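Working notes, beginning with the structure itself.
Only the coordinates and a few stated rules stand behind these numbers; no lab work does. Nothing here was measured: the structure is a model prediction, and the numbers come from that model. Don't worry about glycine lacking a Cβ; one is built from the backbone with ideal geometry, like all the others, and counts go over all protein chains shown.
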Amino acid sequence: MLDIQQIAKTFHAGTPNEVRALRGVDLKIEPGSFVILIGTNGSGKSTLLNAVAGSFLVDTGRLKLNGREITRWPEHRRAQFIGRVFQNPFTGTAPSMTIAENLALAAKRGRTRGLGWALSSSTKNDLRERIRAMGLGLEDRLDNAIGSLSGGQRQSLTLLMAGLLKPDLLLLDEHTAALDPKSADQVIRLTEEFIRRDRLTTLMVTHSMHQAAHLGDRLIMMVRGRVHHDFQGAEKRRLTPENLLARFEEVRRADQLDETAAEMLGRQYV
Amino acid sequence: MWDTLKRLSLGLALIVFASAILLLSDAPRRTSLTREPDHGAGPVPLAKVMKVALMQMASQPIIEEGADGVIAGLKEAGFAVGTAIQLKRFNAEGDLATVNAMAQELTGGGFDLVITLTTSALQAVANANQQRRVPHVFGLVTDPTQSGVGVGSEPLDHPAHMVGVGTLQPVAESLRMARQMNPKLTRVGVAWNPAEVNSEICTKLAREACRELKLDLLEATVENTAAVHEAVASLIARDVDLLWIGGDVSVLAAFEVVAKAAQNARIPVCTCIPGNAKKGSLFDVGANYFEVGRGIGHLAGRVLSGDEIAKLPVERSTPPKLMVNTLALKGLRDAWAVSAQVLAQADSVIDEQGQHDKALPATKASIAPVRTTNTDSAPLSKVWQLRLLAYINSPDVEEAEQGLRDGLKNAGVMEGRDFELKVANAQGDMTSLHGMVESALADHADLLLTISTQALQSAVQRARNTPIVFTMVANPFAAGVATTETEHLASVTGAYGSNDVDAMMPIIKQVLPNARRVGALYAPTEVNSVYSHELLVKAAKGASYELVSLGINSPSEAPDVTQSLCGQQIDLICLPNSNLAGSSFPTIVQSARKAKVPVFGFLGSMVSQGAVVVLTRDYHDMGADSGQIAARVMRGEKPAAIPLHQSRKNRLLINMAATKAAGLTIPGELLKRADRVVE
Amino acid sequence: MSLLVGSFTMGLILSLLALGVLVSFRILAFRDLTVDGSIALGGAVAATLLVAGWNPWLATAAACLAGALAGTVTGVLATRFQINGLLAGILVMTALYSVNLRVMGKSNLPLMKEQTIITMAQRFAASDARWSFSRWEVPVQDVAIVAMISLLIGLVAVTMYAFFRTNLGLAMRASGDNEQMIRALGVEVGWMTTFGLALSNGLVALAGALLVQYQGFADVQMGIGMVVWGFASVIIGESLVGSRQIGLLLVGAVMGSILFRLLVAIALRWGLNPNDLKLVTALFVFAALVLPGAIAIVRKHFAQRSSPLAS
């Protein structure tokens, strides 16, 4: 399904701000799997997601989706296979356009957009049913500007839009991080529901140990631009938030050790 | 839906409110000011009143003269307008579509007689009149036979409802007169446009006449006005003794070009259309169109009194009108002389009387009629509402405005007593200009005065019936309001004039006798600048200077372009007028001074900014000319009948400091002539 | 009354300019200064073709296409060559100055005798026919012109409204509203921007073509400062309708343009000192910039009073 081969990305190469965000990531994701990505700040988990989405092109390595080589494809071209939900609830919707118009845009994701009516009455009815099914009570506000909704409502709609045309790959980038706990729970509930119903292949980045432990069937832990650990099958099912935290503590100590060692070596040799 | 309406309500309400304010401010005078039409309604007649329609093609002076003649002729035949007949006049203003619409109306019943002036009017009415056969008298037609309406070459060979007068240009007479003035004349050159029917007829007649007089006729054809220069040059190269123009509109439109070329070759020009003598032809022999009109009036009178049209002959007559310009005799290569007999015969003679500027021949003559007409200062019958529209603010515009006021005053019309004058200035914004014109019209302006070309063009477009007098226009022909000085839009007249580059050439020669290369900067985006530059190109060529020209598009380019110009071994810079050169003159002069190149200019302000010599058009004077013209309009003359007036008065300004800095000396003779010397 | 009709005509013609600016400025969020050049381009192309004897409708359509081409160039510069949008507009505007000179062959082209859309409209009435309404009267020809122009503007506005409700139009609006989002939905924003700029400048050039036919001459300098009137109209219109809904925005721009010309006409009619004209027009624009805030406050006030439950 998704085959990531040795991809690397360095930002601001050759400047004092150089950041080696991805240092050779290898990852294969099977169809229908729900993969959680966790990692410390700056570990490269969001960068990996963006590399797959095409927000930038990788420096080395290859990306394959559904057997197609997409390494050099621009973002808008990859969109025909990929649905996305962003961390910021404002990023996923066009604020001055109505709910119906936003959904109509999503209904044409990656397809040719011609001069046909975007919102014929049948399309609109169809969309209304989809929204009603979410149970947010937004089905009567189809003609309201989306900018007038709360962050949670917007994020739920973004989720609906990402899955409106069943995507080959769904990318969720800490999509509940900016929401209040109640909205976050609701969005997570919707996420699980969609993924289960349509058997979507999903790559989800999260900060929440709770979500990481309870969601998905595979968990990738990233450290310093590399895959640090890959929990699969029974190992993943056994994970608890506490296990994960302990793991992180290990990593943190290892990091510190590295740093002190480097410091010591530096003092000795410089 | 309701929500949408609610949201639009504020905007709609504001628009309605603004419209209401506008309407209210437009209203108060509307009731008091219903103007009587100029013609038509007269005293109520007693006997049966015949209804006559008089249709003309356009508002050219010769057609107006003809129409006046028709009315006079009708009166002499016992059919005075207003008593015996009711005359309704139609004017298509040159629009062929309108001509046809009018023709339909004229022949649709309701008229006892239709009189048409010019060939197009004849053709349109004849075409529409094929079924109804309303009595029709035509005139001001060169050759009725060739107009294809069924009139044969024999006097009685014409349709039974149609008769008229043919007026050929006196082609043979003009050539005979030329022969008389110079017995050694052998080669006559003619430039003509084969696309013009009338011109073709004249040229054919000229061929016959030349054969008879044993003259060689050399022909050069033109396709349009732009080609005239080349055609005339080719004729001169073929060594003609005289340039002759029949009735060719294309060539007459470029008469100035012909006159200039002839002057350079030191040969005379003569034409068959009266009026060109004012612009430099030696003489014009043409038809007296008032007399032609009278003949038409007489003929119409016979039709009205019941004579059978079929038995009336189609007359062909050309009452002559002669105009001689003795000033054009000066400097001719061959021995041309105007005999006392010819002078006595002439209807008008232009000579040196009243001329005050020796450097510029043939000038005063055209100034004279403008300046001398109305010296009476009787109050006018109403208080005229004058609106002065200007496009930009500049010292020259202010001078022109003052000139206009002075011109009106000198012509004896008083502000307050005879007119009220309001001034509007668009400050360089074209859309405002438009609104200003609208506003002036809504204010019931009786006469619009415009300063600058853009103001004139805007006014012309919106003001349909309100007369317009312009000033400070370099080239009204390029601006589209006129084709020649006498043929212009019916409601528009005024004074124009551009840089006198010709007069500048001898001045340059006096100051810099060894100069070979002249540099010029002009703005390709300004109409006036391009025109001024073209004049400079011609003048420089005439004075055998090499001209190096560079275009300049923005003030910031000025220093670089000037430097690059100075780097091309030029002896001086001669700056044709442009707004750009005016505004960036200080930087131009600075760059030129570094390169020790003197600058000659045409804008008054330049002399104090470091130009060596400035020969400026006197905008005050031009304004005054327009003021005089405006006064004539206010006294009842029709703008259509007032020829455009070319202002030629110059002021010579010299900057001694700049002269010294450039290491030059000004000859004493030139210093004496200077109107102002800046130390 | 013909002053009123004249202001309406001018306002309607310039509303095409406002609609063009609306597309670039509001819908694409692209500050496009090509407008100054493309309005003159439209005028130049229309005038030149009319003088050459073209059918007025064809000449006007050609002018519109020329404007679209200019917009395309700006779009390509901005999106393919990654030149800053403002700079790309300025570059094309500057270049168009020379292009316009080339097109016309000279800097000023009179259209005194040519058949134009305006003369075609005038043909519907006799030249001296007048309509009177109690104390006011107006030449029927002027009414014919304003009717023809209204029809044209109405057609353009309805077409635009329809377009912005198609899939393509929706994508264009989203490109200006949220670039990241629409890219993630598979739209190439660069292409969409280019296409939008073509549309915008096509409309502006159409305004230029009509303006030239109405005023009777084309001048290479006629575009200078036009973009400001466009912005002013759009902003006035927005504050009038108080909504970003597309249909209301379109109507608002047209109303803003008309209102702006009416205000200028009133200022002129009341005979203000000629030297103050620019100041007064600047005041209008200032008012337009400040009014949206004031009107919004008033609206809020009323909204709160009428429905206390909202908020």
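The H on the amide N of B:ASN425, modeled in the peptide plane, is under 5 Å from the matching H of B:ALA390, each at least 5 residues off or on a different chain. Annotation: aspartates and glutamates with alpha-carbon distance below 20 angstrom to A:LYS9 (same-chain offsets under eight excluded): A:GLU18, A:ASP26, A:ASP59, A:GLU69, A:GLU75, A:ASP173.
Across all Cα atoms of segment C:111-268, the radius of gyration (one decimal) and Dmax (whole number) stand at 19.0, 62 Å. Rounded to the nearest 5, what % of DSSP beta bridges with both residues in chain A are antiparallel? Antiparallel: roughly 55 percent of the beta bridges in chain A. In plain terms, the bigger the Kirkwood radius, the slower the diffusion; for chain A, with that radius from Cα pairs, at 20 °C and 1.002 mPa s, Stokes-Einstein puts D at 107 µm²/s. The value of relative contact order for chain A, using C-alpha pairs under 8 Å at least six residues apart, is 25 percent.
Using equal-weight Cα scatterers in the Debye expression, the normalised intensity of the protein assembly as shown in log10 at q = 0.07, 0.08 Å⁻¹ is -0.84, -1.00. Against the compact-protein benchmark of 2.2 N^0.38 Å, the Cα-based radius of gyration of segment B:472-616 scales to 1.06. Each Cα pair under 8 Å and six or more residues apart adds its sequence gap; the mean of these over the residue count of chain B is a relative contact order of 11 percent. Decide, for segment C:188-277, between rounded, prolate and oblate: order the square roots of the alpha carbon gyration tensor eigenvalues as a ≥ b ≥ c, take rounded if a/c falls under 1.5, and otherwise choose prolate if a/b is larger than b/c, else oblate. Note, shape of segment C:188-277 comes out oblate. Residues B:CYS574, B:CYS202, B:CYS566, arranged from fewest to most other Cβ atoms within 10 angstrom of their Cβ, appear as B:CYS566, B:CYS202, B:CYS574. Annotation: Cα Rg of segment C:2-222 relative to the compact-globule expectation 2.2 N^0.38 Å equals 1.09. Using amide H atoms built in the peptide plane, which far-off residues or other-chain residues are under 5 Å from A:ASP26 H to H? Those qualifying (amide H under 5 Å, at least 5 residues apart or on another chain) are A:GLN6, A:VAL227. The simple Förster model, with R0 at 35 Å and r as the Cβ-Cβ distance, assigns C:TYR161 and C:ALA282 a FRET efficiency of 0.65. Going by neighbour counts of Cβ atoms within 10 Å, the residues B:ASP446, B:ASP347 line up, fewest first, as B:ASP347, B:ASP446.
Backbone geometry of segment C:12-29 corresponds, through the Karplus equation with coefficients 6.51, -1.76 and 1.60 at θ = phi - 60°, to 3J(HN,Hα) couplings of 5, 4, 6, 5, 5, 4, 4, 5, x, 5, 4, 4, 6, 6, 8, 7, 8, 6 Hz, x marking Gly and Pro. Label positions at A:ASP3 and B:LEU5, each projected 7 Å from the Cα along the C-beta direction, are separated by 6.5 nm. Summarising the label geometry, the points placed 7 Å from Cα in the beta-carbon direction at B:ARG517 and B:LEU156 lie 7.9 nm from one another.
Using just its DSSP H runs of length 4 or more, each adding -39500 (n - 2.57), chain B gives a mean residue ellipticity at 222 nm of -12000 deg cm²/dmol after division by all residues. For segment A:104-258, the direction-averaged projected area of the alpha-carbon convex hull comes to 11.6 nm².
Averaged over residues, the count of other Cβ atoms within 10 Å places the peptides B:616-629, B:486-499 in the sequence B:616-629, B:486-499, highest first.
Using the Karplus relation 6.51 cos²θ - 1.76 cosθ + 1.60 with θ = phi - 60°, the per-residue 3J(HN,Hα) values for segment A:226-232 come to 9, 6, 8, 8, 10, 8, 10 Hz, with x marking Gly and Pro. For A:THR15 and A:GLU193, a Förster radius of 51 Å and the Cβ-Cβ distance give a FRET efficiency of 0.70, rounded to the nearest 0.05.
Averaging the sequence gap over all C-alpha pairs within less than 8 Å and six or more residues apart, then dividing by the number of residues, gives chain C a relative contact order of 34 percent. Note on chain C: helix-only mean residue ellipticity at 222 nm, from DSSP H runs of 4+ residues weighted -39500 (n - 2.57) and normalised by residue number, equals -24500 deg cm²/dmol. For C:PHE217, nonlocal amide neighbours, meaning residues 5 or more places apart or on other chains whose placed amide H falls under 5 Å from its own, are C:LEU111. Reported value for chain B: 207 Å³ per residue, from the convex hull of its C-alpha atoms. Against the empirical curve 2.2 N^0.38 Å, the C-alpha radius of gyration of segment B:616-658 lands at a ratio of 1.63. If the Kirkwood radius is taken over C-alpha pairs of segment B:177-275, then at 10 °C and 1.306 mPa s the Stokes-Einstein diffusion coefficient equals 120 µm²/s. Pair-distance distribution P(r) for segment B:217-326, from all Cα-Cα distances in 10 Å bins starting at 0: 14, 36, 23, 15, 11, 2 percent. Treating segment B:216-261 as a set of equal point scatterers at the Cα positions, no solvent, please give the Debye-formula log₁₀ I(q)/I(0) at q = 0.16, 0.25 Å⁻¹. Taking Cα atoms of segment B:216-261 as identical point scatterers yields -0.36, -0.92. Inter-label distance, C:ALA52 to A:LEU115: 2.6 nm, where each label sits 7 Å from its Cα along the C-beta direction. Rounded to the nearest angstrom and listed largest first, the equivalent-ellipsoid semi-axes of segment A:84-187 from its Cα gyration tensor are 22, 16, 12. The simple Förster model, with R0 at 60 Å and r as the Cβ-Cβ distance, assigns C:ARG31 and B:SER544 a FRET efficiency of 0.65.
For the residue pairs B:LYS311/B:LYS638; A:LYS124/A:LYS166; B:LYS509/B:LYS594; B:LYS330/B:LYS649; B:LYS88/B:LYS382; B:LYS409/B:LYS509, the alpha carbons lie more than 29 Å apart in B:LYS311/B:LYS638; B:LYS409/B:LYS509. For segment B:170-185, putting each phi into the Karplus relation 6.51 cos²θ - 1.76 cosθ + 1.60 with θ = phi - 60° gives couplings of x, 4, 4, 4, 5, 5, 5, 5, 4, 4, 5, 6, 9, x, 8, 4 Hz, in residue order, rounded to whole numbers and with x for Gly and Pro.
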